[in-house]
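Q: I have a structure I would like to understand better, so I am pasting it below and will then ask my questions one at a time.
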Amino acid sequence: MKNVLVTGGAGFIGSNFIHYLIQTEANVNIINLDALTYAGNLSNLSSVENHPRYRFVQGNICDADAMDNLLREHEIDTIVHFAAESHVDRSILGPRQFVETNVMGTFNMLEAARNYWLRDKSMPLEHVRFHHVSTDEVFGSLKAGEPAWTEETPYAPNSPYAASKAASDHLVRSYGHTYGLPYTITNCSNNYGPYQFPEKLIPVIILNAMEGKPLPVYGDGQQIRDWLHVQDHCEAIHLVLTKGKTGSTYNIGGVNQPANLTIVETICDILDEISDTTHKPHKNLIQFVTDRPGHDRRYDMDTHKIHAELGWQPRHTLTEGLLDTVKWYLDNLEWVNSIRKKQEYKGWLDTNYKAR
Ligand code: NAD
Ligand code: DAU
């Protein structure tokens, strides 16, 4: 790993990954390629913006020529592909953008890699890697008592978001099989932690509770997700990049599976304890609202493979991780307010929640 292209590096996980990589790898140059959509935020990276080994390039993964040139210009040997539309609710209301970015955008990145690494033979193949960051949602939904998903579980995506990620995973795999592109894929469960855009459950609940606004719980709140601290995800990706077998996929998960309502109540308890808001007890703000269409009931990842092959396991417990995350949002009101005041964000809250 010498010149690493991180796509979507201004988003939640991508920016955490860039911080992680700068701290862990002393000799790696990082190029962050991001279109700065509503979810991209360069202030996530303000502390490293002048770092000698970091460079930001604004660009779109749907622009094939630009991606071709970018790889050549920076002599990229490693691609860590995060860039995507990532929010399930937005995919239900506007699926087209998900197909364009997640499917066509990934296709462009694969073509750029094929052109530069395989056609031009720019560097030895054992020195290159295309790492694709994917999701557990490609596996669909589990009923109570069904076993956790393994890397062998057939795909059964339910939302347009999940289907677009599944399609991108298949494309990556096909480039490995057909052209010999050295790739790895990770399928990870729900992340939480610093810099998560406040459209996802945990930051929505923290921010609404801080302001005394209703806490929207979809349906009966008994849906189950497998929560993982974002830093544990970054560590897992780094391990797969440096020690994972090319042509392999790895499941990543937190082995934390409380119901959504429990997550919401835990955040309320934390805020009751550590904040000085006038809205205590915060649980009184919980409001059950119309469910997400096609809402997956339960996710559960079997992470034996990454543990056995690479020794990875999560470091954060959900209790500590949630406490740290609530504190992070309380301590970073400038970051929060810079998003809250944007028209796009206000519009999204109206679109998603007003009619529920
Ligand atoms: P995010 O929405 O916070 O960030 C996405 C980033 O991609 C943003 O910076 C955005 O500007 C950029 N982007 C979007 N379209 C682009 C385009 N066409 N060209 C260039 N950049 C573009 O997403 P996230 O939560 O950080 O997720 C990152 C990746 O991890 C996604 O691929 C997602 O599917 C996957 N993932 C997320 C989770 C999770 O819990 N958040 C879990 C598993 C996997
Ligand atoms: O599982 C991995 C996936 O996790 C990632 O691939 C996605 O990019 C990421 O967005 C996330 O998807 P979810 O749909 O699970 O995350 P979200 O935070 O939107 O919702 C978590 C759960 O909380 C889900 O069951 C829906 C519910 N929910 C969500 C919101 C935003 C609510 O009850 N109320 C809400 O307001």
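Q: I'd like to compare 20-29, 97-106: which one has the highest average count of other Cβ atoms within 10 Å, and what's the full order after that?
A: So the peptides 20-29, 97-106, ranked by packing, come out 97-106, 20-29.
Q: Out of all Cα-Cα pairs in the chain, roughly what percent, to the nearest whole number, are more than 36 Å apart?
A: That fraction is 18 percent.
Q: Give K2/K327; K143/K341; K2/K305; K165/K245; K280/K354; K245/K342 a once-over and call out the pairs whose C-alpha atoms are over 32 Å from each other.
A: K2/K327; K143/K341; K245/K342
Q: Another one. Quick one: check the C-alpha center-to-center distance for segment 259-337 versus segment 48-86, whole angstrom.
A: 31 Å
Q: Of the residues A259, A113, A162, which exhibits the maximal mean-square fluctuation in a Gaussian network model of the chain defined by a 10 Å Cα contact cut-off?
A: Answer for the Gaussian network model of the chain: A259.
Q: For the chain, with a Gaussian network of springs between Cα atoms less than 10 Å apart, report the residue from M109, M123, M301 with the top mean-square fluctuation.
A: In the Gaussian network model the winner is M123.
Q: Once fully extended, how much extra length lies between Y345 and R55, figured as 0.36 nm per residue of separation less the alpha-carbon to alpha-carbon distance?
A: 101.7 nm
Q: A further question follows. State log₁₀ I(q)/I(0) for segment 208-267 at q = 0.18, 0.19, 0.24, 0.28 Å⁻¹ as given by the Debye formula over alpha-carbon point scatterers of equal weight, solvent excluded.
A: -0.76, -0.80, -0.99, -1.14
Q: Moving on. If we sort 140-148, 163-171 on the protection proxy, mean other Cβ atoms within 10 Å, highest first, what's the order?
A: The densest-packed peptide leads the list: 163-171, 140-148.
Q: Counting only Cα, what are the radius of gyration and maximum Cα-Cα distance Dmax of segment 120-181, in Å?
A: Rg and Dmax of segment 120-181, Cα atoms, are 15.0, 51 Å.
Q: Roughly what would the spin-label model give for H127 and L207, points 7 Å off Cα along C-beta, in nm?
A: Going from the H127 label point to the L207 one covers 4.4 nm.
Q: Then there's this: For a quick check, take a GNM of the chain with Cα springs below 10 Å and name the residue from R129, R225, R96 with the largest mean-square fluctuation.
A: R96
Q: Could you give the length gained on full extension between R297 and L310, defined as 0.36 nm per residue of separation minus the Cα-Cα distance, in nm?
A: So the chain would gain 1.7 nm between R297 and L310.
Q: A further question follows. Between S338 and T317, what is the spin-label point distance in nm, taking each point 7 Å from the Cα along the Cα→C-beta axis?
A: Inter-label distance under the simple model: 3.4 nm.
Q: May I pose another question? Just for the chain, what percent of DSSP beta bridges are antiparallel, to the closest 5?
A: Of the beta bridges lying entirely in the chain, close to 5 percent run antiparallel.
Q: Per DSSP helix of 4 or more residues, -39500 (n - 2.57); summed, then divided by the residues of the chain. What does that give at 222 nm, rounded to the nearest 500?
A: Rounded to the nearest 500, it is -12000 deg cm²/dmol.
Laboratory data are not the source of any read-out in this text; all were calculated from the coordinates shown. Owing to the predicted nature of the structure, the values given are computational and were not obtained by experimental measurement. Backbone-built Cβ (ideal geometry, glycine too); neighbour counts: all protein chains shown.
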